[in-house]
Amino acid sequence: MNIPNILSLLRIILVPVIVIFLMEGSYLKALIVFSLSGFTDGMDGFLARILKQQTKLGAYLDPIADKALLTSSFLTLAIMGILPGWLTVIVISRDCIILVGIAILTIMSISFEIQPVFISKVTTMLQLLTVLVVLTLKGLARGIDYNWVYMLYWLTALFTILSGLVYLVRGIQLINHQE
């Protein structure tokens, strides 16, 4: 087990801690733990490349950690009425569609490599930023109305949809190429 994989595992372990803090209304604590998780997300990939410690396990752990962190954060914040439900549905639906696509390709015995595209990295960054901004506003700026955050919501939704479409097109191309 190398350092990048340990950081990914740490991110997975921190997910329930963030959810508990959110449920308790401890937004500042949730912000701190979420920020730490976001930092480990950047560090695990950076260290894997720099230390030449990229592993097959890490290729699976990193996106699982990202999805666990983002899905649980979006879902908890939406249930609490802090994030809009429509945005949460878009974020989670994209991930479900991608998982169904992977399952279909696997069932059809179509070989593929899980390789994130650039727009997907931007999408993940925007989703992380959305949660970070919302937690910052809830934890540090109580009672202030920030309607501009809705622009971030729409931008996050747009990139989430576009990246989902990119993966959908790639999956269809793989299937069509196989036939």
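A few remarks follow.
- With respect to being modelled with pLDDT of 85 or more, among the aromatic types (Phe, Trp, Tyr) and under 14 Å from the mean Cα position of the chain (by Cα), residue 39 fits the description.
- Within the option set 65, 30, being crowded, with 18+ Cβ neighbours inside 10 Å and either among the acidic types (Asp, Glu) or under 23 Å from residue 167 (Cβ atoms) (or both) holds for one residue only, 65.
- Those residues of region 1-44 which are part of a helix (DSSP H, G or I) and at positive phi, in sequence order: none
- Whichever residue in region 45-59 is part of a helix (DSSP H, G or I) and touching a residue at least 40 places away in the same chain (Cβ under 8 Å) and, among such residues, is nearest to residue 115 (Cα to Cα): 59
- Here residue 156 fulfils each of the conditions (1) surrounded by fewer than 19 Cβ atoms within 10 Å (Cβ to Cβ); (2) in contact with a Ser or Thr (Cβ under 7 Å, 6 or more places away or on another chain) apart from (1).
- Among the residues of region 25-62, those identified as of a type in the set (Gly, Ala, Ser) and closer than 11 Å to residue 3 by Cα are 45, 48, 58.
- Residue identified as loosely packed, with under 15 Cβ neighbours inside 10 Å and either in contact (Cβ under 8 Å) with a residue 60 or more places away in the chain or not polar (S, T, N, Q) (or both) among 90, 79, 18: 79
- Region 103-115 residues that are touching a residue at least 12 places away in the same chain (Cβ under 8 Å), paired with ones that are surrounded by 10 or more Cβ atoms within 10 Å (Cβ to Cβ) and in a loop (DSSP other than H, G, I, E, B) (beta carbon under 7 Å, 6 or more apart): 105/112
The values are calculated or read from the model by the stated rules, or taken from the named source; none is laboratory data. Bear in mind that the values here come from a model prediction, so they are computed numbers and not experimental data. Heads up, the Cβs are rebuilt from the backbone with ideal geometry, glycines too, and the neighbour counts pull from every protein chain shown.
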